Amino acid sequence: MEENEKNSLVNRGCWSRLKACMRRAQAGENLIIAFLGGSITQGSAATSDERCYAALTWSWWQEKFPKSAMTYINAGIGGTDSLFGGARAEKDVLSKNPDVIFVDFTVNDKADVFYQETFEGLLRRIYASEGKPAVVVLNNVFYDSGYSAQVFHNLAAARYGIPCVSAREGIYEAIRRGNLQAEELTADFLHPNDRGHRLLAGLLTDFLEEVLKDVDSPEEEGEFLGPLTANAYEKSQRFQAGQVQAQLEGFQEDTRPKEGYYDHFKEGWIGRKKGDRITFWLRCANLAVQYRKSVRHPAPLAKITVDGQEMGILDGNFEETWGDCLFLQPILHHGMNCLHEVEIEIVDGVGQEGEPFYLMSLICA
């Protein structure tokens with residue numbers, strides 16, 4: 001795999017911020033290393049948290065810079081995309097003042113211009129944040145097809161000189177050539193097992209080794225250019241219970257406080273029976289609704305209307321079996337930027353024994 005590992009750096013980008021972090025670490029300064037992504041980043045299918053690619057990559061920093069105390073942040077949440085990532089980036093990552101952020105949403109985002117825009121908004125938000133962290137994009141891949149949003153994501157990353165390391169070139173290509181067997185790395189052709197996580201970490205640490213070899217060479221940071229897309233999502237906001245005005249008619253506010261990244265179904269709103277309704281007034285041009293899709297059937301169906309116009313059905317039933325999904329459904333995209341009346345009403349309810357409809361949050365931009 002040696003040749004493919006070298007080819008995994010699909011966009012060199014600018015290394016000035018990474019080099020600055022490494023020089024600080026050599027001098028004994030403490031660094032915060034963060035990871036933001038979906039289930040692979042979270043460590044799904046690894047046998048322990050310590051065996052996921054994020055933890056292994058953080059260990060590289062510890063080993064290379066023993067005088068520096070390295071803080072590790074894993075903000076991966078399974079089944080989530082860059083639309084959600086951008087809305088939670090401030091609370092989950094930037095508020096902790098990270099020095100380096102590794103980002104991956106290439107298998108949860110679709111390969112289209114909508115997710116190119118949401119991903120660019122996320123990159124601009126973190127790259128231009130006050131702490132000016134170094135940012136590295138990781139491209140994961142479906143190991144049976146080679147599918148990912150890599151092309152769309154990396155065009156956005158290249159605009160800001162952000163390095164991109166790709167599992168498609170670094171691991172999938174070795175599988176395609178017959179040098180590796182996908183079944184040895186993943187049970188579902190997506191989520192890596194321990195060996196797969198080691199290979200992913202190897203792609204990143206091989207790249208970091210190259211940066212470290214060049215750490216003393218001067219490198220100027222490029223100009224922060226204007227956006228590639230319409231960039232409507234750079235300043236997206238996530239609203240939960242207590243953060244936005246709501247009129248409740250049958251819905252109930254869930255005031256239980258969250259405890260960590262993975263305590264998902266708290267601080268939202270709960271509806272159960274047909275006719276239960278909740279109404280919001282939101283100033284935005286872009287709107288997405290996040291709700292629970294449950295593996296416990298039946299779950300309610302709800303309709304959403306904006307300014308009196310029906311915009312779709314929110315189906316609380318999840319057809320996968322791996323667990324409840326934090327489903328994010330775009331409702332408005334590049335609409336009119338004004339105050340909108342948003343109403344969600346249960347149209348197919350459940351009894352007291354059924355699974356209620358859980359509205360997690362609203363994301364506005």
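For Lys235, state whether it is within 24 Å of the chain's Cα centre (by Cα), surrounded by 13 or more Cβ atoms within 10 Å (Cβ to Cβ) and not in a loop (DSSP other than H, G, I, E, B).
Working: within 24 Å of the chain's Cα centre (by Cα): yes; surrounded by 13 or more Cβ atoms within 10 Å (Cβ to Cβ): yes; not in a loop (DSSP other than H, G, I, E, B): no.
When the stated conditions are applied, Lys235 does not pass them.
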Does Val93 fit the bill of being under 22 Å from Ala27 (Cα atoms), open to solvent by less than 10 Å² (accessible area, probe 1.4 Å) and not aromatic (Phe, Trp, Tyr)?
-> no
If you take the residues of segment 78-90 that are of a type in the set (D, E, K, R) and in a helix (DSSP H, G or I), which of them is surrounded by the fewest Cβ atoms within 10 Å (Cβ to Cβ)?
-> Glu90
Residue within segment 159-178 that is open to solvent by less than 20 Å² (accessible area, probe 1.4 Å), farther than 13 Å from Phe142 by Cα, of a type in the set (Ser, Thr, Tyr) and out of contact with any strand residue (DSSP E or B) (no Cβ under 6 Å at 6 or more places or on another chain) present = yes
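Any residue in segment 156-165 that is among the aliphatic types (A, V, I, L, M), outside any helix (DSSP H, G or I), within 23 Å of Thr47 (Cβ to Cβ) and within 21 Å of the chain's Cα centre (by Cα)? Spell out the reasoning first.
The initial filter retains those residues of segment 156-165 that are among the aliphatic types (A, V, I, L, M), namely 156-158, 162, 165.
Narrowing the set further to residues that are outside any helix (DSSP H, G or I) leaves 162, 165.
Still in the list and also within 23 Å of Thr47 (Cβ to Cβ): none.
Scanning segment 156-165 turns up no residue that is among the aliphatic types (A, V, I, L, M), outside any helix (DSSP H, G or I), within 23 Å of Thr47 (Cβ to Cβ) and within 21 Å of the chain's Cα centre (by Cα).
Within segment 275-303, can you find the residues that are of a type in the set (A, V, I, L, M) and either within 25 Å of the chain's Cα centre (by Cα) or closer than 15 Å to Val350 by Cα (or both)? Quick ask: steps written out before the conclusion?
First pass over segment 275-303, keeping only residues of a type in the set (A, V, I, L, M): 278, 282, 285, 287-289, 295, 299, 301-302.
Once the filter is applied, which keeps residues that are of a type in the set (A, V, I, L, M) and either within 25 Å of the chain's Cα centre (by Cα) or closer than 15 Å to Val350 by Cα (or both), segment 275-303 yields Leu282, Ala285, Leu287, Ala288, Val289, Val295, Ala299, Leu301, Ala302.
Which residue out of Phe280, Phe265, Phe239 is in contact with a Ser or Thr (Cβ under 9 Å, 6 or more places away or on another chain), hydrophobic (A, V, I, L, M, F, W, C) and touching a residue at least 40 places away in the same chain (Cβ under 8 Å)? I'd like the intermediate steps shown before the answer.
Working: Phe280 fails: in contact with a Ser or Thr (Cβ under 9 Å, 6 or more places away or on another chain); Phe265 fails: in contact with a Ser or Thr (Cβ under 9 Å, 6 or more places away or on another chain).
Result: Phe239 is the single residue among Phe280, Phe265, Phe239 that is in contact with a Ser or Thr (Cβ under 9 Å, 6 or more places away or on another chain), hydrophobic (A, V, I, L, M, F, W, C) and touching a residue at least 40 places away in the same chain (Cβ under 8 Å).
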Whichever residue in segment 44-61 is of a type outside the set (A, V, I, L, M, F, W, C) and in contact with a Ser or Thr (Cβ under 8 Å, 6 or more places away or on another chain) and, among such residues, is nearest to Leu199 (Cα to Cα) = Tyr53
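Give me the residue from segment 278-307 that is open to solvent by 70 Å² or more (accessible area, probe 1.4 Å) and in a loop (DSSP other than H, G, I, E, B) and, out of that set, farthest from Tyr358 (Cα to Cα).
Just the residues of segment 278-307 that are open to solvent by 70 Å² or more (accessible area, probe 1.4 Å), to begin with: 281, 283, 296-298, 307.
Now restrict to residues that are in a loop (DSSP other than H, G, I, E, B): 296-298, 307.
Numbers: Arg296: 13, His297: 14, Pro298: 13, Asp307: 22 Å.
That would be Asp307.
If you check Gly43 against the conditions, is it open to solvent by less than 10 Å² (accessible area, probe 1.4 Å) and at pLDDT 95 or above?
no
The values are calculated or read from the model by the stated rules, or taken from the named source; none is laboratory data. Only a predicted model underlies this, so the values are computations on that prediction, with no experimental measurement involved. Cβ atoms come from the backbone with ideal geometry, glycine included; neighbour counts cover every protein chain shown. These area figures cover heavy atoms from the full protein model, side chains too; ligands, DNA and RNA do not enter into them. Shrake-Rupley method; radii C 1.70, N 1.55, O 1.52, S 1.80 Å.
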